[in-house]
Amino acid sequence: MSDASTDRRDHNALPEVVPGLPARWYHDAGHYERELRALWQRNWIYICHEAALAQPLDYRTVEIGDQNILVLRDAEGELRAFHNACRHRGSLLCKQAQGRLGSKALVCPYHQWSYAASDGRLLRTTSFTAPKGFDKADYPLFRVAVAAWRGCVFVHLDATAELDPTSLFQRPPDNFVNFPLEDLRVGFTWTTDIACNWKAFWENFNECLHCPNVHPELTKLVPLYSRRIVNPLDVPDWRDHVGDNDPKYRGGLAAGRETWSSDGSAQGRFIESLTAEDLERGHTYASAWPSVFLGGYPDHVRIVRLLPKGPEQIELTAEWLFPAATLEAPDYDLGKVVDFGKLVMQQDAEACELNQRGLHAAPLDAGVLMPEEYLLKRFQDWVRTAVV
Ligand code: FES
Ligand SMILES: [Fe+2]
């Protein structure tokens, strides 16, 4: 029993009722446009791990709302990013989601203006003569800021933005210090569409009230989640269990489980640089709103990116990253890790889609946040501050 004089209110919880965001913010087209401008065009947006842009002239295109962005590694190995739009009459330059340029020049597929991949300057038009007053120097590609943090490539639609690692994530990603993020290789990539507003994804990610019913397999792996909380300090009587080694109270993975995989086994392939404390933690997360979270596990890292495709649609892309030695080991079955991650994400996707459909109820002005949803309040405050 705890000391009766202990202040039992100092747990993580919302002390009073908090209304959620207006329900129409999850489907109104005009509001969606406001959020694109206020949030998606004013924050660093994750593209992919550097290992997916490893070779000179490798490129990726992404659509951040209605903005199509081209990210590439130039012939000298530098990352570059531009709006994927020709300065002649606006055609897309690269149609594919990814590929490798055939030369150092980007050639528009429409009338074949060409640009230097290194800095976007216009090299050549296809007209017989240059009209009076036309100067090629006036028509470079529109630049986008691009930077890598520990092997993770981000872009910012403000070309003058500078990446500040101290403010990239919502909380400092200290638990990732021992993960060799820069050196990992992409073992598997999976993309799916989810019929929900992008905020519904983040709200679902930030609470575990849904865990026992939505994620029966996950709550067996992470017993704390069976209590519908994400942190041992989320309940008023947390002091009663200080020092309790039961993962149901201290967090971490269930006894005998080593990682997020379908049988809980890491197959003997732990990330070597992790400490005993890292392994004991079992899993850790870092979010860079609005586009990405990193999940760190004893044998792999999962990076999940979302992009808005409309007021009620997102595209989710997960990259599973491993040490090269793990991927090269003939006995390592990465399917166990991928299958488990997919299962959890598909369960969440279904919950988000149900949530989305119900948000259209005409009498519903807004939902309500319960005490355990304190992280949702942080997220919703961040949205409100930007758009109101
Ligand atoms: S639109 Fe690109 S060359 Fe005409
Ligand atoms: Fe979930």
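The values are calculated or read from the model by the stated rules, or taken from the named source; none is laboratory data. The structure presented is a predicted model; accordingly, all values stated were derived computationally and were not measured. When we count neighbours, we look across all protein chains shown, and the Cβ atoms used for this are built from the backbone with ideal geometry, even at glycine.
What to note about this one:
- Any hit, the stretch 205-220, residues being assigned to a helix (DSSP H, G or I), within 18 Å of residue 293 (Cα to Cα) and out of contact with any Cys (no Cβ under 8 Å at 6 or more places or on another chain): yes
- Counting only strands (runs of 3 or more DSSP E) that sit completely within the stretch 36-91, those holding 3 or more residues that are hydrophobic (A, V, I, L, M, F, W, C) correspond to 45-49, 67-73, 79-83.
Residue by residue, here is whether (1) within 22 Å of residue 204 (Cβ to Cβ); (2) in contact (Cβ under 8 Å) with a residue 60 or more places away in the chain; (3) more than 20 Å from the chain's Cα centre (by Cα) holds:
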{"position": "260", "(1), (2), (3)": "yes, yes, no"}
{"position": "264", "(1), (2), (3)": "no, no, yes"}
{"position": "271", "(1), (2), (3)": "no, yes, yes"}
{"position": "289", "(1), (2), (3)": "yes, yes, no"}
{"position": "305", "(1), (2), (3)": "yes, yes, no"}
{"position": "309", "(1), (2), (3)": "yes, yes, no"}
{"position": "316", "(1), (2), (3)": "yes, yes, no"}
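Here is a yes/no grid of residues against (1) assigned to a strand (DSSP E or B); (2) within 28 Å of the chain's Cα centre (by Cα); (3) charged (D, E, K, R); (4) surrounded by 15 or more Cβ atoms within 10 Å (Cβ to Cβ):
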{"position": "127", "(1), (2), (3), (4)": "no, no, no, no"}
{"position": "134", "(1), (2), (3), (4)": "no, no, no, no"}
{"position": "146", "(1), (2), (3), (4)": "yes, yes, no, yes"}
{"position": "153", "(1), (2), (3), (4)": "yes, yes, no, yes"}
{"position": "160", "(1), (2), (3), (4)": "no, yes, no, no"}
{"position": "171", "(1), (2), (3), (4)": "no, yes, yes, no"}
{"position": "175", "(1), (2), (3), (4)": "no, yes, no, yes"}
{"position": "182", "(1), (2), (3), (4)": "no, yes, yes, no"}
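- Among residues of the stretch 1-30 that are loosely packed, with under 11 Cβ neighbours inside 10 Å, those with a Cβ under 6 angstrom from a residue that is of a type outside the set (A, V, I, L, M) and modelled with pLDDT of 95 or more, sequence gap 6+ or separate chain, pair up as 29/311.
- Strands (runs of 3 or more DSSP E) fully within the stretch 287-362 counting 1 or more residues that are farther than 30 Å from residue 42 by Cβ and away from ligand 2 (no atom under 16 Å from the Cβ): 313-322
- Flag: residue 68 does not match the condition of being at pLDDT below 95 and either more than 18 Å from the chain's Cα centre (by Cα) or closer than 30 Å to residue 383 by Cα (or both).
- Scanning the stretch 369-386 for residues being more than 17 Å from the chain's Cα centre (by Cα) and of a type in the set (Phe, Trp, Tyr) gives a total of 1.
- Candidate set: the stretch 78-99, residues that are surrounded by fewer than 13 Cβ atoms within 10 Å (Cβ to Cβ) and of a type outside the set (A, V, I, L, M, F, W, C); chosen: the one nearest to ligand 1 (Cβ to nearest atom): 89
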